[in-house]
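Just so it is clear, none of the values below were taken in a lab; they were calculated from the coordinates. In this text, all values refer to a predicted model and were calculated from it rather than measured experimentally. Cβ: placed from backbone, ideal geometry, glycine included. Neighbour counts: every protein chain shown.
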Amino acid sequence: MIDLSGVSLQFNGKYLFQNINYKINSGDKISLVGANGTGKSSLLKIINGNLQPESGKILKQKGISIGYLPQEMIVHQGKTLLEEAKSSLTDIIILQEKETFITNQLADESINEEERDDLIHQLGNVHLRLEELDSYSATSKVQKILIGLGFEEDEFEKLTNEFSGGWQMRIELAKILITQNDLLLMDEPTNHLDLDSLEWLTGFLKNYKGALLTVSHDKNFINRVTSKTLEIFMGKFYTFSGDYDAYLKFKDERDLQLANQFMLQQKKIKETEKFIERFRYKATKSKQVQSRIKQLDKIELIELPESKENISINFPEPPSSGKMNIELKSITKSFGEKIIFSDLDFQVNRGDKIAFVGPNGAGKTTLAKIISGKINFEKGERIIGHNTIISYYAQDVADNLNPDLDIIETVDGIAEDKTIGQLRTLLGSFLFTGDDVFKKVGVLSGGEKSRVALSKILLTKANFIILDEPTNHLDISSKQVLQKALLDFSGSLILVSHDVDFLIPIVNKVVEIRKGEVKLFEGGIEYYLSKKQQLQNADLELPGNKNASTDVVSKKDQKRIDAEQRQKRYAATKHLIKKVTELENQIELLEKKEKKLEHDLTLPEIFSNPQKARETTFEFGETKKKLLEKIRDWEKISEELQEIEKQFS
């Protein structure tokens, strides 16, 4: 379908990739991965035709249609939402225009019989093609896609220029989904979606018959919609059949193998250099010396991938606060005539780590800003607890950065105990490396400014942090750094996010905000998703009131149901959990032993002694073999455990 042949691309004199060949076949669902700056977005642009490669060809099957969703801001204007969405039905629109033209021609009494017969034949072909395209239900399908992506029916006649940036991207996403494309190229499609629309998009793409090539830092999303992984790694393309988690296992094994090869190569180079230095000036050894010099020149040096695994960023230890951080009493908030909250009560206590979820426009950001004190409200009371220090991050906060300062100056001085080296490590974890830290804030993109603002948050001594969509402009490595910092943070936390994978280890409560109602779930994001699924499956109703909201469940009944579920789950899984724990302990010990033996092999007293070197190498191999066996056992039992757990989800 798409054949990349000998394609090369360079940026600032450095090749991102060179002379690569790759095929995209019909029905492929591919995740495009690679470190930041390796050329993922550029590759999508090359395939779509927005960017020309330095060399090579992009061969496309005749008549293929491609839908492309870029990261850059898109603005639609001049049409209503429904008109703009329907404008992507180009085949149907052309046929309908042709149908109107032919019908008008047939109404002309001056045409002869032969011309009339020809027009009738053409009209029949047009009707047949319209039927094949299912044009009569096209408007209904357009409306379903718009609703799936979070638009309300009463917005269909709203002008597109009235929608904000995130909704503009959704309009573009709707258009490429409406068109029956053979291939979808999607660059971070989940960035501006809420949890509801993300779930809908995931289901749509899983059932999509065409091919998909997507760049996304949402692990949960790409695991569910892709079955192949294409990695750009050190200027080359590597393909792997499997989802992202399977790819990560492959990558870890590959990186370990590279590290061993690198170590052996460096050892060989040092030995060769030592020989050259020792015998450089001996005439009897001149031929051997020259031979070794040529050997060195011919060696293709092994490069190690940049690793962020050892980067660990921790928040400064926050000052102690009272038991209650903040309390809202009878809050009413509206924008114009639209009431967002009415008579709302809400409280955050010390140690709460809460996720705000719900459709866009329901009030998640509004509630976060009320809690942080960024916006006022019409009625009610906001009570701040003893010694509560709030730090607030949202993407619009980035606009308040001083444009005249460079990045390092912007974060310097916030935490007095941090050295310049530590600050550069922090900025490096958020994709600012080398001389990037000296860029002026004024020249940064919106995403770069957001990452700088996020870096500042990690240096602030606050005991209550509010983050609104913090992961939108982060790669997977950066998200992991932030995730661990938030996991270790001892204060209170509110996260407005749709990134399930990011939220899972962090939050202990979930607040769903929907149509002005705020509902608290006393559990993590997985608990929330399972409860939502139970409610949908059971279609629960309040006794004596069939029109009541299904979001309301008797606390007494819910506690009883939860207790029964916990007991059944414990009985079914306790033996497997015990085995998994034992294996994890064994794996940890073997990994430590493997690491020690790997280090021992680099010691002069080992590699210079053939007997010790053989013994250590053998022990290293046996340890690695045992480790792989234990990992396989762990994977097998973990899968059994997951299957049983699914029965209780």
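Using the average count of surrounding beta-carbon atoms within 10 Å as a protection proxy, the listed peptides 317-327, 572-582 rank, highest first, as 317-327, 572-582. Summing +1 for each Lys or Arg and -1 for each Asp or Glu among the other residues whose beta-carbon sits under 15 angstrom from that of Lys329 gives -2. With both labels modelled 7 Å from their Cα along Cα-to-Cβ, the Thr617 to Asp255 distance reads 2.7 nm. With a Förster radius of 56 Å applied to the beta-carbon distance between Ser291 and Ile587, the computed FRET efficiency rounds to 0.80. Each of Pro505, Ile466, Thr433 was placed along the dipole of the stretch 427-532 (beta-carbon charges, centred on the mean Cα), and the one lying farthest toward the positive end is Ile466. Peptide packing for 370-380, 618-628, 5-15, 207-217 was compared via the average number of neighbouring C-beta atoms within 10 Å per residue; ordered from the highest value, the list is 207-217, 370-380, 618-628, 5-15. Rounded to the nearest 20, the Cβ-based charge dipole of the stretch 565-646 about its Cα centre (Lys and Arg +1, Asp and Glu -1) stands at 420 debye. Over 21 Å between C-alpha atoms is what I'm after, so list which of Lys592/Lys626; Lys369/Lys456; Lys484/Lys624; Lys461/Lys519; Lys519/Lys574 land there. Checking Cα-Cα distances, Lys484/Lys624; Lys461/Lys519; Lys519/Lys574 exceed 21 Å. Compactness check for the chain: Cα Rg over 2.2 N^0.38 Å is 1.16. Taking the helices alone, the chain has a mean residue ellipticity at 222 nm of -15000 deg cm²/dmol, built from -39,500 (n - 2.57) per DSSP H run of at least 4 residues and averaged over all its residues.
Each residue, Lys60 and Glu300, gets one label point 7 Å from its Cα in the Cβ direction; the gap between the two is 3.3 nm. Taking the DSSP bridge list for the chain and keeping only pairs wholly inside it, about 55 percent are antiparallel. Near Gln96: Cβ cut-off under 12 Å, other residues only, Lys/Arg at +1 and Asp/Glu at -1. The net charge is 0. Rounded to the nearest 0.05, the FRET efficiency derived from the C-beta distance between Ile94 and Ser334 at R0 = 45 Å is 0.50. Full extension of the segment from Ile269 to Glu152, taken as 0.36 nm per residue of separation minus the current Cα-Cα distance, would add 35.5 nm.
Taking the stretch 322-339 and a reference point 7 angstrom along Cα→Cβ of Lys379, the backbone N atoms nearer than 19 Å belong to 328-339.
Taking other residues whose beta carbon is less than 13 angstrom from the beta carbon of Phe11, and scoring Lys, Arg as +1 and Asp, Glu as -1, yields +2. When only the Cβ of Lys, Arg, Asp and Glu is charged (+1, +1, -1, -1), the dipole of the chain relative to its Cα centre reaches about 3400 debye.
Only one residue of Phe315, Phe240, Ser455 has its Cα farthest out toward the positive end of the dipole of the chain, where Lys and Arg carry +1 and Asp and Glu -1 on Cβ, and that residue is Phe315. Look at the dipole of the stretch 249-298 built from charges on Cβ: of Leu264, Ala283, Leu296, the Cα furthest out on the positive end belongs to Ala283. Cross-link partners of Lys294 among lysines, defined as those whose alpha carbon lies under 29 angstrom from its own and excluding same-chain residues fewer than eight positions apart: Lys14, Lys236, Lys267, Lys268, Lys270, Lys274, Lys282, Lys285. Each 5 Å bin from zero up to the one holding the largest Cα-Cα distance in the stretch 162-261 carries the following percent of pairs: 2, 10, 20, 22, 16, 12, 9, 5, 3, 1, 0, 0. Below 24 Å, Cα to Cα, which lysines can Lys141 reach? Residues fewer than 8 away in the same chain don't count. Excluding near neighbours in sequence, the set is Lys29, Lys79, Lys86, Lys98, Lys158, Lys175, Lys206, Lys209.
P(r) for the stretch 471-538, from all Cα pairs and a bin width of 5 Å, is 3, 15, 24, 24, 17, 10, 6, 2 %, short bins first.
Quickly work out the Lys461-to-Asp245 label distance, labels modelled 7 Å from Cα along the C-beta direction, and quote it in nm with one decimal. Calculated label separation equals 4.2 nm. Structural descriptor for the chain: relative contact order 12 percent, calculated from alpha carbon pairs under 8 angstrom and at least 6 residues apart.
Can you give the FRET efficiency to the nearest 0.05 for Ile577 and Glu409, using r as the Cβ-Cβ distance and R₀ = 51 Å? Taking R0 as 51 Å, the efficiency between Ile577 and Glu409 is 0.50.
Hey, what does the equivalent ellipsoid look like for the stretch 249-298, semi-axes from the Cα gyration tensor as sqrt of 5 times each eigenvalue, largest first, whole Å?
Details: eigenvalues 214, 17, 5 Å².
Square roots of five times the eigenvalues give 33, 9, 5 Å.
Dipole magnitude for the stretch 431-522: about 260 debye, using +1 per Lys or Arg Cβ and -1 per Asp or Glu Cβ, origin at the Cα centre. You can think of it this way: the chain between Glu317 and Ser490 has 61.5 nm of extra reach, that is 0.36 nm per residue less the Cα-Cα gap. The amide H of Val33, built 1.01 Å from its N in the peptide plane, has Leu230, Glu231, Ile232 as neighbours under 5 Å, considering only residues 5 or more places off or on other chains. Stretching Ser26 away from Asn112 to a fully extended chain increases their span by 26.3 nm, per 0.36 nm per residue minus the current alpha-carbon distance.
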